[in-house]
Each structure stands twice: as structure tokens, then as C-alpha cells.
Amino acid sequence: MGATITPKATAVDPSIAGKGYVHPEVLVSTEWLAEHIDDPNIRIIESDEDVLLYDTGHIPGAQKVDWHQDLNDPVLRDYVSPEQFEKLLREKGIDDNTTVIFYGDKNNWWAAYAFWVFQLFGFTNAKLLDGGRVKWQQEGRAMNTDVPKLAKTSYKAPKRSDEKIRAFFQQVREHSAAGRPLIDVRSPEEFTGQRTHMPDYPQEGTLRGGHIKGARSVPWARAANPDGSFKDANSLRAIYEQEKGLKKNEDIIAYCRIGERSSHTWFVLTYLLGYDKVRNYDGSWTEWGNAVRVPIEKGPET
């Protein structure tokens with residue numbers, strides 16, 4: 001049996017604290033999760049790019065959140081309504097008293113996206129598993145195919161609030177025109193306009209290649225170690241501050257293709273480095289690259 005969360009257990013994991021983050025409390029290590037895996041006060045959520053991966057084996061007790069079906073509205077290009085979010089959490093046995101631990105494949109790429117969507121609803125009792133699925137498997141930790149059956153909760157979802165952490169098209173246009181910092185987290189080939197999609201992925205509907213005027217290129221995965229865990233704070237500051245010149249008190253917008261990779265960078269800047277105002281432009285290049293009379297730039301960062 002795993003341990004039960006107590007005030008001592010909710011203290012920052014020493015292995016996370018040693019990495020120097022401003023908010024180390026938003027991460028847990030694989031060791032911590034293994035110790036607390038049977039805790040009735042936590043819910044483990046797997047959210048992957050490969051939506052079939054969960055069924056092949058997952059962390060014991062984990063439940064699946066499908067980024068496409070569970071978090072996106074099926075008709076409107078937007079996220080789920082409060083009623084839909086409420087239904088999802090009730091069915092997953094989640095309420096305000098449970099701590100949700102997110103993890104997934106590809107360096108927690110989609111896990112960070114799910115975490116970000118939960119924040120739109122003000123659900124702050126959430127953490128990421130540092131290293132995600134890759135690190136857990138590399139360490140030879142237990143996996144199974146059992147799907148938990150949990151009692152439904154009476155969770156009540158608040159109205160979704162996008163303003164603080166989400167940016168929209170017109171806001172990004174004004175942001176770019178004002179010369180404020182934009183971070184393009186796509187691959188270098190997407191940034192320059194050589195590609196309109198990620199390497200080894202199919203073309204996904206963008207008419208033009210390039211980047212938003214004034215954007216700085218920082219591919220999202222640079223923030224991760226080979227085992228999927230986040231780099232320490234000093235290494236992250238070397239990338240975002242020393243190399244790209246970002247400042248903690250700036251108004252920053254991150255974008256990618258549909259907002260999934262940029263949610264990972266949003267997490268890094270907001271929680272690990274403690275930046276004051278970071279927003280995720282989830283419309284990203286699928287919106288910008290298809291919009292009429294919208295300026296783009298091609299070529300490397302100047």
C-alpha cells in the first residue's frame with residue numbers, strides 16, 4: 001500500500017526542491033508517486049498524444065483523459081463548457097479535495113495541456129509527474145491495464161476564466177505590433193517556414209509557413225532532459241533569459257500549432273521560473289497561418 005497524503009507528504013519533494021524552481025510544489029517525482037500510488041486522496045490522470053497508449057498499459061490507478069474528446073468542444077473551436085468539465089471530473093472521482101497528478105507521453109506534452117485546461121476552470125489542486133510516462137517506464141515501475149472504477153463526486157465547476165492564461169487572435173496581433181515578447185515553441189523548420197508541420201508528422205491544414213512577427217524561437221522540448229523530466233531552473237534560465245532575453249515581469253505569449261506544445265512552455269515559464277504573466281495562444285499557427293491579411297515572417301530569428 002502507498003502512503004496517504006499528510007501535511008508532511010504534501011511538502012515539496014526534496015528531489016524536486018533541489019532543482020531550484022520558483023514553484024516546486026507543482027511537480028512530483030516518480031519516487032513520490034510510487035510511494036503514494038494507493039492514496040485515496042489523489043487521482044492520477046494520463047493524457048497522451050497517442051490516445052490509444054493508455055490501453056496498452058498505464059500507471060496503476062491512472063485514468064485516461066483524451067485531449068480531443070474530453071477537453072475540446074465537439075462543434076465549437078473551443079474548450080468544454082463548465083457543464084461538460086463538471087461531468088468529466090465527477091465521472092473521474094475528482095473534486096476540490098482531491099489532488100490530481102497528470103502525466104503522459106512525449107515529455108508530458110499533452111499532460112501539460114490538460115493541466116492548462118484545468119487551470120482555465122480554476123482547478124489548482126493539480127501537479128505534473130516529472131518525467132511522465134517515459135521516466136516511469138525507464139525505471140521499470142509497475143504498469144497495468146486495469147481501468148479504475150471510482151465513486152462519482154458532486155464537484156461543481158465554476159465559470160471558465162480565460163483572461164489570465166489564454167490569448168486570442170486580436171490580442172496576439174496587438175502584442176506583436178507593440179513589440180512584446182512572443183515565444184514560438186515549434187520546431188526550427190516550422191519557425192523558418194520550411195515546414196508547415198512537425199518533422200515526421202503529416203501536413204495538418206496550415207496554408208502558409210513562417211512565424212508571427214517578432215517571435216523568438218525556443219522549441220518546447222529544449223526544456224526537457226532525455227528522460228522527459230524538466231531541466232533544472234538554472235538550465236532553463238540559461239535558455240529563456242540569457243539566450244532569449246526574457247524577463248520575469250514581462251507580458252509573454254507562447255504559441256505553437258494548436259496550443260499543445262506551448263502549454264508545456266507556459267508551464268515552464270509560469271511555475272518553474274515564476275514569471276508574472278504568461279499566456280498560451282491556443283489558436284496558434286493553425287489560426288494565424290490561415291488568416292486573411294495577417295503578416296507573417298519567414299526565415300531564421302533575427
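Bear in mind that the values in this text are calculations on the coordinates, not laboratory data. Predicted, not measured: the structure shown is a model, and the values here were computed from it. Quick reminder, even Gly has a Cβ in these numbers, built from the backbone with ideal geometry, and neighbours come from all protein chains shown.
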Worksheet item: In angstroms, what radius of gyration and Dmax does the range 231-278 have, counting Cα atoms only?
Response: 10.3, 29
Worksheet item: Counting other Cβ atoms within 10 Å, which chymotrypsin sites (Phe, Trp or Tyr not before Pro) in the range 151-186 have at most 14 and lie in a DSSP loop?
Response: PHE168
Worksheet entry | Alpha-carbon Rg with Dmax, taken over the range 143-279, Å | 17.4, 52
Item to complete: Convert 25 °C to kelvin, take the viscosity as 0.890 mPa s, use the Kirkwood radius over C-alpha pairs of the chain as Rh, and evaluate the Stokes-Einstein diffusion coefficient in µm²/s, rounded to a whole number.
Response: 124
Worksheet entry | trypsin sites (Lys or Arg not before Pro) restricted to DSSP loop in the range 239-302 with at most 10 other C-beta within 10 Å | ARG293
Item to complete: Mind listing the long-range amide H neighbours of LYS64? Cut-off is under 5 Å, sequence gap 5 or more, other chains count too, H placed in the peptide plane at 1.01 Å from N.
Response: GLU46
Worksheet, complete the sentence: The answer for GluC sites (Glu not before Pro) in the range 71-141 that fall in a DSSP coil and have at most 13 neighbouring Cβ atoms within 10 Å is GLU139
Worksheet item: For helix 82-91, what angle does its Cα long axis make with the longest principal axis of the chain, in degrees from 0 to 90 and rounded to 10?
Response: 30
